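Scroll down for the structure; my scribbles are underneath it.
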Amino acid sequence: MTEILAVAVITVLAVIAPGADFAMVVRNSYLHGRRTGLLAATGVAAGVLVHVTYTMLGVGLLIASSTFLFTVIKLVGAAYLVYIGVRTFRTRAEVQVDLETTSDLTPAQALRSGFLTNVLNPKTTLFVVSTFAQVVSPGTPVYQQVGYGLFMSLAHLLWFGVVAVFFSHDRMRDLMLRGQKILNKVIGSVLAGLGVSLAFAPSH
């Protein structure tokens, strides 16, 4: 599996799997409309860039200083993918969303809600670190690593933009929720399989 394909598959599946970002964008879109949901999605995408920046610096230092430690991080990252895959596969209920508070959000507040939800989410930290640990090698150019990071951010923006559109419309919202359980099974199976295959893949 090439680096680019690995990043693309892991990123898309991890983004689609429901979590804190999903619940926040759903809530904002449902309560405050499409514009607020799209602004929250933009905030999420900006938050991903923060995770990518410190991950690139950290993984680069690990490669330069300790091959053994980098290998350990790589294996831990693969194990995390398997864990998330199993958890997602076994999820039975839809994401719980707080729909009680209905105070209006300004554009800045909507953007900030998405940004902070993502930046403060340890699961996003683990996802970004795990992905980079699997695919980045001493020979991976910096511009290519930057490209991976931008792709991760763009994938979040596009997916949560779709979520915002769906959940600001009654019929689309119902359709998306009905399909979520089946989607969880597919996502969980593929993520777990990727984690196992990457753990046993030869090092670069």
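The values are calculated or read from the model by the stated rules, or taken from the named source; none is laboratory data. Remember, it's a predicted structure, so these values are computed and weren't measured experimentally. Neighbour counts run over all protein chains shown; Cβ positions are idealised from the backbone, glycine included. Please note that ligands, DNA and RNA were not included when accessible areas were found on the heavy atoms of the full protein model with its side chains. Shrake-Rupley method; radii C 1.70, N 1.55, O 1.52, S 1.80 Å.
Fully extending the segment from Y83 to D104, taken as 0.36 nm per residue of separation minus the present Cα-Cα distance, adds 3.8 nm. In the context of the full protein assembly, Y80 retains an accessible surface of approximately 40 Å², using a probe radius of 1.4 Å and ignoring ligands and nucleic acids. On the basis of the beta-carbon distance and an R0 of 35 Å, L158 and T71 show a calculated FRET efficiency of 0.60.
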